[in-house]
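The structure under discussion appears below in the form of structure tokens.
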Amino acid sequence: MKISVDETKCCGAGQCVMLAPEVFDQRDEDGIVVLLDAAPAPEHHQAARESAEVCPAAAIHIGEEA
Amino acid sequence: MSAPAGVLVVGASAAGLSTVEALRRKGYDGRLTVLDAAAGAPYDRPPLSKQILSGTWDPERAHLRTQEQLDALGAEFLLGDAAVALDVPGRTVHTAHGRALSAEAVVLSTGLRPRRLPGAEDLTGLHVLRTLDEAVALRGALRNSRRVVVVGNGVLGSEIAATAAGLGLTTTLAGLQPAPMQDQFGPRVAGALADLHTRNGVRLVSGVGVGELTRDQGRATGVRLTSGEVLSADVVVAAIGCTPATDWLAGSGLDLTDGVTCDAYCRAAPGVYAAGDVARWYHQGLGTHLRLENRTNATAQAGVVAANILGQDLVYAPVPYFWTDQFDVKIQVYGAPAPDADVTIVEGEDGDRFVARYDRAGRTGAVLGWNMPKQARIHSRLLTGTPGGGRDCAAAATAAAPSA
Ligand SMILES: Cc1cc2nc3c(=O)[nH]c(=O)nc-3n(C[C@H](O)[C@H](O)[C@H](O)COP(=O)(O)OP(=O)(O)OC[C@H]3O[C@@H](n4cnc5c(N)ncnc54)[C@H](O)[C@@H]3O)c2cc1C
Ligand code: SF4
């Protein structure tokens with residue numbers, strides 16, 4: 001799994017952080033998403049995938065390669 | 001309970017698409033059909049009043065998913081065909097093109113339709129904003145105009161006024177609330193929002209209704225307020241709220257009081273569910289029926305509907321949440337700020353950045369962040385588990401994941 005985020009789309013809702021705190025955080029100053037782990041371990045895949053789907057700004061992209 | 005052989009989703013926007021994705025994520029491999037009256041690719045609405053209206057994004061950036069992502073869902077998308085009737089016992093939807101679509105489970109996610117000013121049919125220079133086409137049309141009109149009047153000082157009107165002022169237009173925001181968004185924020189934070197708009201050049205006409213449109217040869221030329229004052233404009237935008245898109249369900253036998261009425265499980269009838277802006281469901285934590293018009297509700301509720309279609313019995317009881325971006329301020333609201341609540345600044349300073357807590361009768365009812373999205377989210381944990389608060393959306397969505 002290879003994750004990327006689009007900071008210009010993110011609206012700072014933090015849904016991803018609540019679902020997958022090992023993978024995502026938010027910047028203190030403006031709440032924009034911070035990708036902690038672009039290639040997380042398999043046990044985080046389900047939560048990362050769910051984050052991408054529930055992100056209200058379609059700002060998270062999951063690629064399957066690597 | 002076994003999974004249904006087929007699921008039909010009516011409305012392919014945030015709630016409808018989220019239902020489809022949640023069903024597949026939970027392992028559902030049956031037949032999925034998605035119907036939408038609109039012909040284009042599913043898109044997201046929050047950017048319409050912000051990046052699309054300002055022109056910082058091309059319209060395609062508002063698309064929710066790429067074509068490859070949609071294809072990967074293995075669902076049949078029937079776009080450009082409207083549902084016109086629902087047979088509830090037969091779980092069959094009839095469409096404008098003469099289709100009769102039956103499924104074991106039907107999801108109603110047809111959202112809202114904007115209210116129009118009375119007597120405003122076919123006037124040029126008069127706009128509403130709900131769809132991507134309307135956003136592109138309004139953007140074009142603003143480009144060629146000097147003065148805009150926005151009617152309605154709720155969240156949508158306030159966002160449109162902020163974007164228009166940012167584009168350099170002479171902007172007036174008129175509405176019934178004593179300050180922009182006072183119903184949502186209470187007087188203190190609405191006062192701060194009013195200052196923000198005024199500082200950025202928006203003229204606020206608050207606490208006044210619009211009596212009528214002024215017109216000249218089929219063109220809107222402004223509005224006459226109930227106070228008698230006339231506000232002249234090249235463009236008038238009506239942002240006076242929406243009504244649930246349930247006209248097509250008349251005669252179905254469903255209770256359509258302010259939306260599709262559902263139980264705590266988002267069920268309107270056996271095998272018939274509703275999600276998103278159109279759904280008015282029983283919120284067990286709050287002990288009342290509730291209909292939310294916000295983006296994260298659409299997705300979280302869709303997650304619960306998907307789980308319940310697959311035989312789980314999940315109650316949907318989220319802490320309401322929405323955000324709005326105006327000028328350089330990002331506001332996040334968790335819970336329901338009561339107008340008469342005591343407001344305490346719990347982080348930051350009453351100014352550029354703060355988190356406010358709303359307490360009433362010894363209970364925290366809401367948390368609001370002003371340019372502090374992360375901190376507001378952390379403070380909102382206070383709301384989880386408080387009486388009347390219920391679980392938060394993410395907890396509901398997580399609980400909706402299958403245990404296997
Ligand atoms: C301009 C704008 C800005 C917003 N900004 C924010 C924001 O900043 N933060 C926030 O939290 N929320 C915001 N929202 C609210 C958010 O976009 C909505 O809550 C969300 O779109 C609801 O999704 P939905 O799928 O329930 O309904 P909708 O998005 O309204 O989708 C309903 C779908 O059903 C289709 N449909 C309707 N009738 C029929 C029929 N008879 N047959 C077939 N299909 C039909 C429609 O074509 C549409 O595609 C904003 C909304 C707008 C309009
Ligand atoms: S869920 Fe999406 S919008 Fe919200 S913080 Fe994460 S990336 Fe940003």
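The values are calculated or read from the model by the stated rules, or taken from the named source; none is laboratory data. Everything quoted here is computed from the prediction, not taken from an experiment. With ideal geometry, Cβ positions are generated from the backbone for all residues, glycine too; neighbour counts draw on all protein chains shown. With ligands, DNA and RNA removed, areas are computed over all heavy atoms of the protein, side chains included. Shrake-Rupley method; radii C 1.70, N 1.55, O 1.52, S 1.80 Å.
Our note on the geometry: Cα centres of segment B:69-91 and segment B:193-251, 35 Å apart. For chain B, the longest principal axis of the Cα atoms and the long axis of helix B:182-199 meet at an angle of about 50 degrees.
Restricting attention to the protein assembly as shown, lysine pairs at least eight places apart or on different chains and with alpha-carbon atoms under 18 angstrom apart total 5. Multiplying each eigenvalue of the alpha-carbon gyration tensor of chain B by 5 and taking the square root yields semi-axes of 35, 27, 18 Å, largest first, rounded to whole angstroms.
The C-alpha atoms of chain A define a longest principal axis, and helix A:45-54 lies at about 40 degrees to it. Interface residues of segment B:343-380, defined as those losing at least 30 Å² of solvent-accessible heavy-atom surface relative to the isolated chain (probe radius 1.4 Å), are listed as B:Arg353, B:Pro373, B:Lys374, B:Arg377. Dipole size of segment B:116-240 about its Cα centre, with +1 on Lys/Arg Cβ and -1 on Asp/Glu Cβ: approximately 280 debye, rounded to the nearest 20. Over all orientations, chain A has a Cα convex hull whose mean projected area works out to 3.8 square nanometres. In segment A:12-34, burial by the other protein chains removes 30 Å² or more of 1.4 Å probe accessible surface, compared with the chain on its own, from A:Ala13, A:Gln15, A:Met18, A:Leu19, A:Gln26, A:Asp28, A:Glu29, A:Asp30. Computed over chain B with a Gaussian network model linking Cα atoms closer than 10 Å, the most mobile of B:Ala96, B:Ala275, B:Ala85 is B:Ala96. Here segment B:73-200 carries DSSP beta bridges of which approximately 60% are antiparallel, counting only pairs with both residues inside. Using a Gaussian network model of chain B in which every pair of alpha carbons under 10 angstrom is joined by a spring, one finds that among B:Leu108, B:Leu123, B:Leu169 the greatest mean-square fluctuation is at B:Leu123. Peptide packing: for B:359-372, B:303-316, the average count of neighbouring Cβ atoms within 10 Å per residue gives the ranking B:303-316, B:359-372, highest mean first. Can you tell me the orientation of helix B:14-25 relative to chain B, as the angle in degrees between its alpha-carbon axis and the longest Cα principal axis, to the nearest 10? On a 0 to 90 degree scale, this one is about 30.
Residue ranges B:260-273, B:289-302 sort as B:289-302, B:260-273 when ordered by packing (mean number of other C-beta atoms within 10 Å per residue, highest first).
What's the buried accessible area, both sides, between A and B using a 1.4 Å probe, rounded to 100 Å²?
Values: alone 3930 and 17370 Å², together 18930 Å².
Buried: approximately 2400 Å² between B and A.
The residue among B:Leu310, B:Leu382, B:Thr299 whose Cα reaches farthest toward the positive pole of the charge dipole of segment B:280-384, with charges on the beta-carbon of Lys, Arg, Asp and Glu, is B:Leu310. When the Gaussian network model of chain B links Cα atoms closer than 10 Å, the mean-square fluctuations of B:Glu347, B:Glu159, B:Glu121 top out at B:Glu121.
With +1 on the Cβ of every Lys and Arg and -1 on the Cβ of every Asp and Glu, and nothing else charged, how large is the dipole of chain B about its Cα centre, in debye rounded to the nearest 20? Intermediate results must be reported in sequence, preceding the final value.
Details: 37 positive and 40 negative charges, 79 e Å.
Dipole magnitude for chain B comes out near 380 debye.
Taking all protein chains as present, what is the carbon and sulfur share of the accessible area of chain B, in % to the nearest whole number, probe 1.4 Å? Numbers along the way, then the final one.
Numbers: 7950 of 16170 Å².
So the carbon and sulfur contribution to the accessible surface is 49 percent.
Report relative contact order for chain B in percent, whole number only (criteria: Cα-Cα under 8 Å, sequence separation at least 6).
Working: 947 pairs, mean separation 62.6, N = 404.
Reported as a whole number, the value is 15 percent.
Just to verify a number: FRET efficiency for A:Asp30 and B:Arg224, C-beta to C-beta distance, R0 = 35 Å, to 0.05? Could you put the intermediate results ahead of the total?
Values: r = 42 Å, r/R0 = 1.19.
Computed FRET efficiency for A:Asp30 and B:Arg224 comes out at 0.25.
Each stretch of four or more DSSP H residues adds -39500 (n - 2.57); spread over every residue of the protein assembly as shown, this sum gives -6500 deg cm²/dmol at 222 nm.
Please get the size of the charge dipole for segment A:2-63, origin at its Cα centre, with Cβ charges of +1 on Lys and Arg and -1 on Asp and Glu, quoted in debye to the nearest 20. The calculation lands at about 220 debye. Equivalent ellipsoid of the protein assembly as shown: semi-axes from √(5λ) of the C-alpha gyration tensor, largest first, are 34, 28, 22 Å. Take the protein assembly as shown with all the other protein chains still there, run a 1.4 Å probe, and you get 40 Å² of accessible area per residue.
Please report the equivalent ellipsoid semi-axes of segment B:51-176, computed as sqrt(5 x eigenvalue) of the Cα gyration tensor, largest first, in whole Å.
36, 20, 13
Partner shielding of A:44-54 amounts to 4, given as the average count of beta-carbon atoms from other chains within 10 Å of each residue beta-carbon.
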